[in-house]
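To start, the structure under review is shown below, and the notes come after it.
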Amino acid sequence: MSNSSEKKRYFEAAPTDIDVENFRKVLESRRSVRKFTDTPIPAEILDACLDLALLAPNSSNLQPWTFYVVQDPTKKKQLVKACLSQLAAKTASELIVCVARTDRIDEMAKRNLSEFPFPEAPKAVQKYYKFIPYNYKTGVLNSLGHARKIAFGVARKFDKQLPVSAFNPSDAKLWASKTTALACENLVLALRAYGFDSCMMEGFDEPLVRKILNLNSQQYPVMVIGAGERAADGVFFPQYRFDRDLFIQKV
Ligand SMILES: Cc1cc2nc3c(=O)[nH]c(=O)nc-3n(C[C@H](O)[C@H](O)[C@H](O)COP(=O)(O)O)c2cc1C
């Protein structure tokens, strides 16, 4: 018998009709394409792919990213130059700068409460989003980072288990970049699923990219993604990986 004071539970069934073969085909046919045709990516497909990118898992749902789709001709030309004039950038019909950011942690924490998908965020969620910004923010002159380092050190002496945290701006950058890279992967797989291709690039001049997009010091360009239709000779060699035993350990 149901009890009115019983906690309401949310159920979301996992779909069971997923075509694994097609999923594999998307993953296995994704290659780094260095030469694209002139065929543009239709705007609605690009938007659909960007929307799928935003569905990537991300730390505490704080969504610490911005994807700059650089379409202004002058900016695009500068960006190609910033990408060391790589063919993948020169021939791409779209260039997307994927930026990790640590400057909107408070704003995103607040949004998690104001846009929580139930009429009101549960108490535990409210508590979580009051606390969580302090785990990743480092503060002026790393004041919060230093304080947390000391507090964590003390807590560990009492056998307390603690989450990954940012003790300095580099840790915070890593935190945001980790999550942003997951969205980048979603983006390139989505493009592949729609019949388009991509090349992730970190071969770019960071100060120049920062200047083109006017990024602040808490916005970090993680990679530039060139995207478009694969040219017949757009993949330069077959894909190869080393022996899986080098990378997978069952312990
Ligand atoms: C973070 C990152 C940065 C990369 N930077 C470049 C780049 O600047 N230029 C380039 O041609 N390829 C770049 N690549 C592509 C890699 O060289 C490529 O993924 C790797 O050789 C494996 O080939 P595959 O992607 O076709 O499987 C990059 C890949 C990643 C993930």
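Read-outs throughout are calculated quantities, based only on the coordinates presented, and are distinct from any laboratory measurement. Worth saying up front: this structure is predicted, and the values here are computed from it rather than measured. Neighbour counts run over all protein chains shown; Cβ positions are idealised from the backbone, glycine included.
What's the center-to-center distance, using Cα atoms, between segment 104-124 and segment 42-102 in Å?
27 Å
Under the rule a/c < 1.5 gives rounded, and otherwise a/b versus b/c splits prolate from oblate, where does segment 1-129 land using the Cα gyration tensor?
Oblate is the answer for segment 1-129, as a/c is 1.5 or above yet b/c matches or exceeds a/b.
Within 14 Å, Cβ to Cβ, of Lys25, how many net charges do the neighbouring residues add up to if Lys/Arg are +1 and Asp/Glu are -1?
Net charge around Lys25: 0.
Explain nothing, just compute: Karplus ³J(HN,Hα) = 6.51 cos²θ - 1.76 cosθ + 1.60, θ = phi - 60°, for every residue of segment 82-93 in order, whole Hz, x for Gly and Pro.
Going residue by residue, I get 5, 8, 6, 6, 4, 4, 4, 7, 4, 9, 5, 7 Hz, with x marking Gly and Pro.
If each residue of separation counts as 0.36 nm, what is the full-extension length gain between Ala151 and Tyr134 once their alpha-carbon separation is subtracted?
Contour length minus the Cα-Cα distance gives 4.9 nm.
By how many degrees, between 0 and 90 and to the nearest 10, does the Cα long axis of helix 43-53 differ from the longest principal axis of the chain?
Here the helix axis deviates by roughly 40 degrees.
Amide H neighbours of Trp65 under 5 Å, at least 5 residues apart or on other chains, H built in the peptide plane: list them.
Arg101
Taking a 22 Å limit on the Cα-Cα distance, which of the listed pairs Lys35/Lys77; Lys110/Lys211; Lys157/Lys178; Lys130/Lys157 fall beyond it?
Over 22 Å apart, Cα to Cα: Lys110/Lys211; Lys157/Lys178; Lys130/Lys157.
Rounded to the nearest 0.05, what FRET efficiency do Thr39 and Leu208 have when you use their Cβ-Cβ distance and R0 = 35 Å?
Here the calculated transfer efficiency is 0.80.
Using only alpha-carbon positions, what ratio does the radius of gyration of the chain give when scaled by 2.2 N^0.38 Å?
Ratio of Rg to 2.2 N^0.38 Å for the chain: 1.19.
Under 15 Å from the Cβ of Gln63, count the other residues' Cβ atoms, weight Lys and Arg +1, Asp and Glu -1, and hand me the total.
On the way: positive: Arg101, Arg104, Lys110, Arg111, Lys178; negative: Asp51, Asp103, Asp106, Glu107, Glu115.
Around Gln63, the surrounding residues sum to 0.
How high is the FRET efficiency between Lys127 and Ala14 when r is their beta carbon distance and R₀ equals 41 Å, given to the nearest 0.05? Show your work: numbers first, answer last.
Working: r = 29 Å, r/R0 = 0.70.
The value I calculate is 0.90.
Using only Cα atoms, tell me the angle between helix 143-157 and the longest principal axis of the chain; keep it within 0 to 90° and round to the nearest 10.
Around 60 degrees separate the two axes.
Per the Kirkwood formula on distinct C-alpha pairs, the Rh of segment 176-251 is how many angstrom? Before the final figure, lay out the partial values.
Working: mean 1/r = 0.0658 Å⁻¹.
By the Kirkwood definition, the hydrodynamic radius is 15.2 Å.
List every residue whose amide H lies under 5 Å from the amide H of Ser93, counting only residues 5 or more places away in sequence or on a different chain, with H placed 1.01 Å from N in the peptide plane.
Distant-sequence amide H within range of Ser93: Ala227, Gly228, Glu229.
On a 0 to 90 degree scale, rounded to 10, what angle separates helix 105-114 from the longest Cα axis of the chain?
Between the helix axis and the principal axis of the chain, the angle is about 70 degrees.
Rank these for me by crowding, Glu206, Glu21, going from fewest to most other beta carbons within 10 Å. Spell out each step's value before the answer.
On the way: Glu206 12, Glu21 7.
In order of increasing Cβ crowding within 10 Å: Glu21, Glu206.
Starting from the 7 Å offset along Cα-to-Cβ, what nm value, one decimal, do you get for the label separation of Lys160 and Asp72?
Computed distance between label sites Lys160 and Asp72 equals 4.7 nm.
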